[in-house]
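Asker: The following block contains the structure, expressed as structure tokens.
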Amino acid sequence: MTAQRLRIVLTAALLLMALPALAQQTAQPHAGEKTTSEVPTGLYQIPGQTEVTSPDEVPLFVPAQDKIIGRVSIPDGKLATLVQPEGRVWRDFRQVWLKWGAGIIILGAAAALTLFYLLKGTLRIEHGRSGRWVPRFTTLDRFAHWTTAVSFLTLALTGLLVTFGRPILVPLFGHEVLTPLAQAGKILHNFTSVPFVLGLVLMAVLWIRDNIPERADWIWIKTGGGILRKVSEHPEAGRFNAGQKLVFWGVLSGGGALAISGFLMMVPFAFTGVTGMQWIHVIHAVVAAFMIAMILGHIYIGTLGMEGAFDAMGRGEVDENWAIEHHRGWYNEMFRRQREPPAGSGHPAGAE
Ligand code: HEM
């Protein structure tokens, strides 16, 4: 009996001695885990509530401003957001609205251009080709243009592949075709952004002086470049007319917005949180849709839409009559500077 009592007393004493050690062990942080005093309390700040001083004061799930925020013991605080309702709106945008919106903007532009072509056909050089060539763009000008153009077209096609690949290519060719295509497209898209930005910067440096708005642009806009309202002669334009200036500034601002938002998407969460990333994606996609539509119009007028325009970027020179009809101000200035008409020319018959 005495021995049994002794055993009980000894066990109790041992337990009492072991308790502080056990308690300390439970409080030890696991490898890599932060102790309460090390945890930055900001991570646990719940919107609308006073700041808490310890993770233990934070309930596991906190409905805050229509969100459910949990708690994390790692430095990546954004992972504490368990449910983000804006995410559903963004998913709807990505899966539904973007496809319809971009589809309508781009196909709408293509349809409008087709209709315009059917109604008006190619705009001819009014007095025919003179056969004399006027230098218009240097090799460097054309290098800047075609670097930007080829990279933009690559970016547009790969961007459209990522956006429309699933609804269009999967039913036709299946996932086994779309998956490698979309993966390659994504890599190409990211890399092509570099020559695109270089081309933009070069075009900006080379052409910004000739794209400053001036009074003559207003007449051009009012008459739609002589297309909307017939005028006795084309409104006088400098090196670039008002329509081209709009394209230039549209390319610079749209391209700039695409580049900045695109680079921000390449380094996700480096500068903003989940909602910020969603906005960046929306801006990128909407600007891209409008810019593709604008560039369709630009390509149309530079090829099918206007006789003689392509030569400017193709061979760097244009027919003298084309220069006089479309850019009289620029042509006259060139005349003055050179003090004599370009290569064996007088004023072509019928032209001012
Ligand atoms: C196949 C595609 C393209 C063709 C055939 C084309 C054709 C042309 C032509 C002929 C010009 C000179 C017009 C003139 O002498 O007055 C020009 C100018 C220009 N191009 Fe392009 N281009 C194409 C794609 C692009 C792309 C993708 C961009 C930009 C993303 C671009 C941006 C510009 C700009 C900013 C100008 C100067 C302003 C203007 O003339 O509108 N081009 N292009």
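The values are calculated or read from the model by the stated rules, or taken from the named source; none is laboratory data. Everything quoted here is computed from the prediction, not taken from an experiment. Backbone-built Cβ (ideal geometry, glycine too); neighbour counts: all protein chains shown. Only protein heavy atoms, including side chains, enter the accessible area calculation; ligands, DNA and RNA are left aside. Shrake-Rupley method; radii C 1.70, N 1.55, O 1.52, S 1.80 Å.
Asker: So THR223 passes all but one of these: (1) surrounded by 19 or more Cβ atoms within 10 Å (Cβ to Cβ); (2) more than 12 Å from the ligand (Cβ to nearest atom). Which condition number does it fail?
Answerer: Unmet condition: (1).
Asker: Could you list, in sequence order, all residues of segment 284-328 that are open to solvent by 30 Å² or more (accessible area, probe 1.4 Å), farther than 19 Å from LYS245 by Cα and in contact with a helix residue (DSSP H, G or I) (Cβ under 7 Å, 6 or more places away or on another chain)?
Answerer: HIS284, LEU304, GLU317
Asker: Identify, from the list TRP207, TRP218, TRP249, the residue that is part of a helix (DSSP H, G or I) and either without any contact (Cβ under 8 Å) to a residue 12 or more places away in the chain or open to solvent by less than 40 Å² (accessible area, probe 1.4 Å) (or both).
Answerer: Exactly one residue qualifies, and that residue is TRP207.
Asker: Quickly run through segment 185-229 and pick out the residues that are among the aliphatic types (A, V, I, L, M) and closer than 30 Å to GLY165 by Cα. It would help to see each step written out before you state the result.
Answerer: The initial filter retains those residues of segment 185-229 that are among the aliphatic types (A, V, I, L, M), namely 187-188, 194, 197-198, 200-206, 208, 212, 216, 219, 221, 227-228.
Selection gives ILE187, LEU188, VAL194, VAL197, LEU198, LEU200.
Asker: Confirm whether GLY199 is under 30 Å from ARG94 (Cα atoms), in a helix (DSSP H, G or I) and open to solvent by less than 20 Å² (accessible area, probe 1.4 Å).
Answerer: So GLY199 fits the description; yes.
Asker: Tell me the helices (runs of 4 or more DSSP H) entirely within segment 74-190 that contain at least 2 residues that are open to solvent by less than 40 Å² (accessible area, probe 1.4 Å).
Answerer: By residue number, 85-92, 98-120, 139-164.
Asker: While we're looking at this one, here's another question. Which residues, counting only those in segment 310-321, are part of a helix (DSSP H, G or I) and under 18 Å from ILE299 (Cα atoms)?
Answerer: PHE310, ASP311, ALA312, MET313, GLY314
Asker: How many residues are in contact (Cβ under 8 Å) with a residue 60 or more places away in the chain and open to solvent by less than 70 Å² (accessible area, probe 1.4 Å) if we restrict to segment 259-273?
Answerer: The number of residues fulfilling the criteria is 3.
Asker: On the basis of being within 19 Å of VAL247 (Cβ to Cβ), in contact with a strand residue (DSSP E or B) (Cβ under 6 Å, 6 or more places away or on another chain) and either away from the ligand (no atom under 14 Å from the Cβ) or at pLDDT 95 or above (or both), does ARG142 make the cut?
Answerer: It is false that ARG142 is within 19 Å of VAL247 (Cβ to Cβ), in contact with a strand residue (DSSP E or B) (Cβ under 6 Å, 6 or more places away or on another chain) and either away from the ligand (no atom under 14 Å from the Cβ) or at pLDDT 95 or above (or both).
Asker: I'd like the full set of residues that are out of contact with any Lys or Arg (no Cβ under 7 Å at 6 or more places or on another chain) and in contact (Cβ under 8 Å) with a residue 24 or more places away in the chain, limited to segment 76-87.
Answerer: Answer for segment 76-87, where residues must be out of contact with any Lys or Arg (no Cβ under 7 Å at 6 or more places or on another chain) and in contact (Cβ under 8 Å) with a residue 24 or more places away in the chain: GLY77, LYS78, GLU86, GLY87.
Asker: To continue, here is another question. Name the pairs whose Cβ atoms lie under 7 Å apart, with the first residue in segment 140-153 and within 15 Å of THR303 (Cβ to Cβ), the second at pLDDT 95 or above, and 6 or more positions between them or separate chains?
Answerer: That search, which allows pairs on different chains as well, returns HIS145/MET203; HIS145/MET313.
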